[in-house]
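What follows is a set of notes on a single structure, which appears directly below.
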Amino acid sequence: KILDDVSFDGLINHIKSKDVTKIITMAGAGISTSAGIPDFRSPGSGLYDNLQKYELPHPQAIFELDFFFDNPKPFFVLAKELYPGSFKPTPCHYFIRLLAEKGKLLRHYTQNIDTLERVAGIPDEKLVEAHGTFHTGHCVLCRKEYTQNWIKEKIFNDEIPICTACPGIVKPDIVFFGENLPDKFHHCIQKDFKQCDLLIILGSSLVVQPFASLVDRVPHTCPRLLINREKVGQTSGIMSMFGFGGGLEFDNPDNSRDIAWLGDCDEGCILLAEKLGFGEELKKLISE
Ligand code: OAD
Ligand code: ZN
């Protein structure tokens with residue numbers, strides 16, 4: 001048995017009694033909804049339910065290369081709306097920063113492109129922006145690099161950014177469906193996950209690959225905590241009944257390491273900080 005008591009409090013005891021210092025956090029859009037940024041898949045409020053005005057063939061087309069080459073306009077209109085800079089980090093972001101400051105964070109993997117991790121002060125070397133960033137951009141034809149400011153000016157003037165060296169469109173370096181993830185992602189997952197001693201998954205539906213499968217890369221003895229509004233990441237069907245197919249195993253009768261804490265990320269992180277003895281520090285950071 002990995003956890004004597006397979007519950008949230010059992011996990012807290014485990015963290016306190018073992019010397020847990022190699023925590024990996026994995027995040028999705030759910031950690032930024034309390035900052036006012038919609039997630040993708042929540043029914044009603046999620047971005048994919050609110051793209052009617054762009055007249056897309058299907059919602060995810062806005063992040064698909066083929067569609068973008070055909071009609072880049074919808075993506076740039078949306079980019080203007082969601083442009084990073086006007087939002088503030090959440091308690092959850094500050095919780096992750098505190099883990100880093102306490103020397104307990106091995107790495108934070110985020111699928112988010114809102115840059116709130118940087119704003120919250122999570123150090124660059126602790127951060128893997130798995131789906132890229134608005135920081136830089138490249139011409140899709142000749143790969144010429146452009147700065148965030150150059151692209152931003154075009155976006156805010158409602159212009160499609162066109163390369164100065166060729167007729168290509170300049171796309172911010174956020175990862176579209178069908179594109180490769182950044183080198184840093186591939187490089188870091190190789191060395192990080194095998195040494196992880198606690199995995200915390202925050203605010204993601206865990207449906208987009210390859211990110212979702214990272215949960216299978218930690219050692220079999222590593223506890224995994226999900227903090228999310230809904231229970232996600234379990235492999236369903238006949239395969240999982242026989243323990244195949246990977247994923248989180250809350251409902252598996254043999255589970256002794258996976259815990260689902262269902263609720264809001266901010267609340268979950270504040271509770272975790274309190275139980276681990278740095279609740280006051282977190283509150284101070286939030287109110288600054
Ligand atoms: P999703 O929208 O798929 O999932 C967000 C999850 O967070 C859902 O399970 C929500 O229930 C939950 N959630 C929302 N707000 C929450 C809160 N305040 N507290 C706790 N849970 C909350 O977002 P992602 O998993 O990030 O990729 O989506 C993954 C990728 O799909 C994105 O990076 C994006 C998208 O297509 C690209 O664009 C390449
Ligand atoms: Zn070019």
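The values are calculated or read from the model by the stated rules, or taken from the named source; none is laboratory data. Since we're looking at a predicted model, the values are computed, not measured. Backbone-built Cβ (ideal geometry, glycine too); neighbour counts: all protein chains shown. Heads up: the accessible areas ignore ligands, DNA and RNA and are worked out on the full protein's heavy atoms, side chains in. Shrake-Rupley method; radii C 1.70, N 1.55, O 1.52, S 1.80 Å.
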State all residues of segment 62-84 that are out of contact with any strand residue (DSSP E or B) (no Cβ under 9 Å at 6 or more places or on another chain) and part of a loop (DSSP other than H, G, I, E, B); if no residue qualifies, say none.
71, 82
For segment 209-237, which residues satisfy the criterion of being of a type in the set (Val, Ile, Thr) and either at pLDDT 95 or above or on the phi > 0 side of the Ramachandran plot (or both)?
215, 218, 221, 227, 232
Could you check how many residues of segment 185-208 are at negative phi and either part of a strand (DSSP E or B) or surrounded by 15 or more Cβ atoms within 10 Å (Cβ to Cβ) (or both)?
15
Taking only segment 247-273 into account, find how many residues are part of a helix (DSSP H, G or I), over 17 Å from the mean Cα position of the chain (by Cα) and surrounded by 15 or more Cβ atoms within 10 Å (Cβ to Cβ).
4
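Being open to solvent by 30 Å² or more (accessible area, probe 1.4 Å), over 22 Å from residue 140 (Cβ atoms) and in a loop (DSSP other than H, G, I, E, B) narrows it down to one residue among 34, 45; which is it?
Among 34, 45, only 45 is open to solvent by 30 Å² or more (accessible area, probe 1.4 Å), over 22 Å from residue 140 (Cβ atoms) and in a loop (DSSP other than H, G, I, E, B).
With respect to residue 109, is the statement that it is assigned to a helix (DSSP H, G or I) and either open to solvent by 20 Å² or more (accessible area, probe 1.4 Å) or touching a residue at least 12 places away in the same chain (Cβ under 8 Å) (or both) true?
no
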Does segment 93-100 contain any residue that is farther than 25 Å from residue 191 by Cβ, among the aliphatic types (A, V, I, L, M), over 14 Å from the mean Cα position of the chain (by Cα) and at pLDDT 95 or above?
no
